[in-house]
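In what follows, a structure is listed as structure tokens, so that the remarks can point back to it.
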């Protein structure tokens with residue numbers, strides 16, 4: 001049966017020249033749902049009406065292509081906030097996704113809200129009521145110029161404002177085409193795996209845009225959330241993790257390193273000799289959601305409860321659970337998933353109150369490689385905690401490693417498994433690593449008096465980065481870095497003394 005294809009919405013310069021960026025002195029700056037100052041036939045009014053019409057078309061297309069059980073769509077848009085900082089424009093973008101049952105008539109623009117995220121949260125709380133449900137997902141926070149998780153910019157730290165942010169933004173993007181946002185070595189961490197797809201250099205000389213700052217990285221935000229919860233009684237950074245592409249090609253699953261073409265605009269302005277865009281880009285990531293079925297209600301509920309994970313492109317799958325009385329061999333049982341849900345909580349959740357007889361929580365980890373990917377090398381647990389003085393800390397543990405390698409006593413880390421890449425043709429070791437890794441792991445340094453979070457990072461054996469594939473195909477010298485180590489991240493599980 002023939003079906004119409006998705007619409008291509010084109011910007012018409014003659015009709016959309018006035019986008020509402022210019023503001024009249026008397027214009028209301030709080031929300032975009034009341035504009036008494038806009039004249040009926042003004043260019044601004046025509047822009048608003050055209051934008052509203054496009055938003056209706058997006059909703060209609062989402063409904064037309066929704067096939068429960070096969071293909072799930074949501075009405076959504078990007079809230080594209082681009083404030084200026086010293087050195088240029090920064091990204092405060094959000095992907096705003098509705099469950100589809102009830103959707104506001106107007107999408108709510110960053111221009112109308114003066115690029116201020118707290119105005120978006122407030123508008124969503126008032127516009128999305130009844131059957132309407134929404135999540136706003138900050139993405140590309142590594143380009144936010146220090147503002148993504150700043151404790152001084154934009155958001156006044158009151159309990160009400162922090163609760164509003166926690167409600168509006170339960171998820172965070174950790175990886176995409178414009179780099180990695182997990183962590184950056186030298187910005188609050190010494191973790192060697194944080195030298196992964198860093199898109200920009202560290203800020204120097206007072207520069208704020210076009211460079212990396214500690215307050216733009218997810219792991220630092222997770223740590224800051226523990227401190228804020230102790231101070232205000234609410235953690236606004238209790239994020240579930242996911243990844244996406246953002247390559248503007250309409251091909252969300254095209255994340256292979258050996259077939260990366262980058263954004264169309266990057267190709268048009270490319271100076272990199274392979275014909276693609278800048279070498280700092282990467283093929284982007286994928287999001288995984290553990291949902292009961294492929295429907296809007298089920299997937300959206302999983303997003304809200306943060307039972308999500310992200311990958312740097314491969315189709316790695318990962319599960320992560322925590323409980324107080326899991327058996328030590330739960331990871332090896334056939335009923336792993338059922339027993340883990342029954343006796344504990346999944347990724348994205350809070351551990352229940354610690355039973356008096358429990359010494360430390362047990363974590364169950366399971367990961368499998370993607371069908372077209374290299375083997376898995378190890379699975380790590382990243383722990384963050386706040387001490388009695390409110391200072392935050394982190395530690396990386398190798399929970400399970402391939403090839404029979406055990407973590408070294410004292411360091412908790414595994415030796416390299418020896419997997420290598422032949423840079424003459426990008427072939428890689430297929431006899432080392434594992435297709436599946438699992439473990440039941442206990443924190444050897446658990447302190448029941450301290451707030452903490454735990455998440456899993458799955459690492460593949462090294463492979464060629466996309467830039468090496470392109471350079472070899474064109475007979476060019478290999479650029480640095482020549483290799484990459486693909487990965488996946490689970491959402492965290494949180495522990496709070498005395499309860500959730």
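The values are calculated or read from the model by the stated rules, or taken from the named source; none is laboratory data. Values in this document were obtained by computation on a predicted structure and should not be read as measured data. With ideal geometry, Cβ positions are generated from the backbone for all residues, glycine too; neighbour counts draw on all protein chains shown.
Going by the conditions given, is residue 110 buried (at least 16 other Cβ atoms within 10 Å of the Cβ), without any contact (Cβ under 8 Å) to a residue 24 or more places away in the chain and in the same structural domain as residue 140 (by TED's automatic domain parsing)?
Taking the combined requirement at face value, the residue does not satisfy it.
What tally of residues in the stretch 312-332 results from selecting those that are surrounded by fewer than 17 Cβ atoms within 10 Å (Cβ to Cβ) and more than 25 Å from the chain's Cα centre (by Cα)?
5
With respect to residue 403, determine if the residue is surrounded by fewer than 15 Cβ atoms within 10 Å (Cβ to Cβ), touching a strand residue (DSSP E or B) at 6+ places or on another chain (Cβ under 8 Å) and assigned by TED's automatic domain parsing to the domain that holds residue 339.
When the stated conditions are applied, residue 403 does not pass them.
Can you tell me which residue among 478, 483 is in contact with a strand residue (DSSP E or B) (Cβ under 8 Å, 6 or more places away or on another chain) and either over 13 Å from residue 379 (Cβ atoms) or at pLDDT 95 or above (or both)?
483
If I filter the stretch 394-404 down to residues being assigned to a strand (DSSP E or B) and out of contact with any helix residue (DSSP H, G or I) (no Cβ under 8 Å at 6 or more places or on another chain), which single residue comes out as nearest to residue 462 (Cα to Cα)?
Once the filter is applied, the top-ranked residue is 401.
Taking residue 348, is it assigned by TED's automatic domain parsing to the domain that holds residue 471 and either assigned to a loop (DSSP other than H, G, I, E, B) or crowded, with 18+ Cβ neighbours inside 10 Å (or both)?
Yes, satisfied.
Would you be able to tell me the number of residues in the stretch 351-391 that are over 26 Å from residue 334 (Cα atoms), touching a strand residue (DSSP E or B) at 6+ places or on another chain (Cβ under 7 Å) and part of a loop (DSSP other than H, G, I, E, B)?
2
Of the residues 162, 120, which is touching a residue at least 12 places away in the same chain (Cβ under 8 Å) and either touching a helix residue (DSSP H, G or I) at 6+ places or on another chain (Cβ under 6 Å) or not assigned by TED's automatic domain parsing to the domain that holds residue 185 (or both)?
Answer to the check: 162.
Are there any pairs, at least 6 apart or on different chains, whose C-beta atoms fall under 9 Å, with the first in the stretch 461-489 and without any contact (Cβ under 8 Å) to a residue 40 or more places away in the chain and the second surrounded by fewer than 17 Cβ atoms within 10 Å (Cβ to Cβ), and if so, which?
Taking only residues 6 or more apart or on different chains, the pairs are 481/195.
Would you confirm, using the coordinates I've provided, whether residue 193 is surrounded by fewer than 19 Cβ atoms within 10 Å (Cβ to Cβ), modelled with pLDDT of 95 or more and over 26 Å from residue 84 (Cβ atoms)?
Yes; evaluated as a whole, the condition is true for this residue.
For the stretch 57-90, enumerate the residues that are part of a helix (DSSP H, G or I) and under 23 Å from the mean Cα position of the chain (by Cα).
Residues of the stretch 57-90 that are part of a helix (DSSP H, G or I), as a first pass: 57-64.
Within the stretch 57-90, 62 is the sole residue that qualifies.
Filter the stretch 155-190 down to the residues that are outside any helix (DSSP H, G or I) and surrounded by fewer than 18 Cβ atoms within 10 Å (Cβ to Cβ), then identify the one that is nearest to the chain's Cα centre (by Cα).
Applying the filter and picking the extreme gives 185.
Scan the strands (runs of 3 or more DSSP E) fully inside the stretch 432-500 and keep the ones with 3 or more residues being touching a helix residue (DSSP H, G or I) at 6+ places or on another chain (Cβ under 8 Å).
Strands (runs of 3 or more DSSP E) meeting the threshold: 436-442, 452-460.
Which residues, taken from the stretch 287-304, are outside any strand (DSSP E or B), without any contact (Cβ under 8 Å) to a residue 60 or more places away in the chain and touching a strand residue (DSSP E or B) at 6+ places or on another chain (Cβ under 8 Å)?
As a first pass, look at the stretch 287-304 and keep what is outside any strand (DSSP E or B): 290-304.
If we keep only those that are without any contact (Cβ under 8 Å) to a residue 60 or more places away in the chain too, we end up with 290-292, 298, 301-302.
290, 302 - these are the residues of the stretch 287-304 that are outside any strand (DSSP E or B), without any contact (Cβ under 8 Å) to a residue 60 or more places away in the chain and touching a strand residue (DSSP E or B) at 6+ places or on another chain (Cβ under 8 Å).
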